[in-house]
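What follows is one structure encoded as structure tokens, with my remarks underneath.
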Amino acid sequence: MKEQVILVDEQDNPIGLMEKIEAHEKALLHRAFSVFVFNDNGELMLQQRAKEKYHSPLLWTNTCCSHQRDGETNIKAGKRRLQEEMGFVCELEEVFSFIYKAPFDNGLTEHELDHVLVGKFNDAPLINKEEVEAYKWMPFEEVKIDIVKRPEIYTEWFKIIFKESYDKIYKLI
């Protein structure tokens, strides 16, 4: 069965399910999450998306992100995807959510009500090479500076999260 996303209204009320690609082709608002994992030094674990990804290949982004499954909580979805992409699980806390829309060169559009989840982890991940090309730890303040200097190496949603929510995340680390 092909992966489905949960279509939502602007208050995050579910209004239906749709195949993921179709929702991105039609730019329909759907539920998503973005996980930010920090270590005790205040560094953010970044991932570089695998070169085989259907959009944003080889771009750097937050620790992991994806879409909730029908009936799955935001935290459960974040932990599931963290395990699938990065090979570990840690406690996660939902910090806030926001809506964004970002078109891509391939004709797809991310239109998501994104739940931002934050966790702590101090070891090396065991990355899934089908999902993740590489990872690195980077001081949070340096990420903000690097996005301004080299925006072309980061995913659209990651740049939007930083622009909209840097202060909300920064006070947690």
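Measuring gaps between exposed loop sites in the chain (chymotrypsin sites (Phe, Trp or Tyr not before Pro); DSSP loop; at most 16 other Cβ atoms within 10 Å), the longest gap, sites not included, is 105-173.
With 23 Å as the limit on Cα-Cα distance, the pairs of Lys79/Lys136; Lys101/Lys129; Lys26/Lys163; Lys51/Lys120; Lys26/Lys129; Lys129/Lys168 that go past it are Lys101/Lys129; Lys26/Lys163; Lys51/Lys120; Lys26/Lys129; Lys129/Lys168.
Taking the chain as a Gaussian network, Cα atoms linked when under 10 Å apart, which of Thr73, Thr63, Thr109 shows the biggest mean-square fluctuation? Per the Cα network of the chain with a 10 Å cutoff, Thr73 tops the list. When Ile6, Ile145 are compared by accessible area of protein heavy atoms, the largest-first order is Ile145, Ile6, using a 1.4 Å probe.
Ligands, DNA and RNA are left out, and with a 1.4 angstrom probe the accessible area of the chain is 50 Å² per residue.
The shape of the range 84-173 can be summarised by an equivalent ellipsoid whose semi-axes, obtained from the alpha carbon gyration tensor, come to 21, 18, 16 Å from longest to shortest.
Ligands, DNA and RNA excluded, the heavy atoms of Ser56 present near 10 Å² of accessible surface to a 1.4 Å solvent probe. Taken one residue at a time, the phi angles of the range 85-93 give Karplus couplings (6.51, -1.76, 1.60, θ = phi - 60°) of 8, 10, x, 8, 10, 9, 5, 10, 10 Hz. Gly and Pro are set to x. With R₀ fixed at 35 Å, the C-beta to C-beta distance from Lys136 to Gln11 puts the FRET efficiency at about 0.45. Which percent of the Cα-Cα distances in the chain go past 30 Å? Roughly 10 percent, rounded to a whole number. Checking every one of the GluC sites (Glu not before Pro) in the range 1-86 against DSSP loop status and a limit of 11 other Cβ atoms within 10 Å picks out Glu3, Glu10, Glu52. Taking the 1.4 Å solvent-accessible surface of the chain as the whole, the part contributed by carbon and sulfur is 49%.
Mean separation of Cα pairs under 8 Å and 6 or more residues apart, divided by the residue count, gives the chain a relative contact order of 26 percent.
Helix-only mean residue ellipticity at 222 nm, the chain, DSSP H runs n ≥ 4 weighted -39,500 (n - 2.57), per residue, nearest 500. What is it? Only helices count here, giving -8000 deg cm²/dmol.
The values are calculated or read from the model by the stated rules, or taken from the named source; none is laboratory data. Everything quoted here is computed from the prediction, not taken from an experiment. Note: ideal-geometry Cβ built from the backbone for every residue, glycine included; neighbour counts use all protein chains shown. The accessibility values were calculated without ligands, DNA or RNA, using every heavy atom of the protein model including side chains. Shrake-Rupley method; radii C 1.70, N 1.55, O 1.52, S 1.80 Å.
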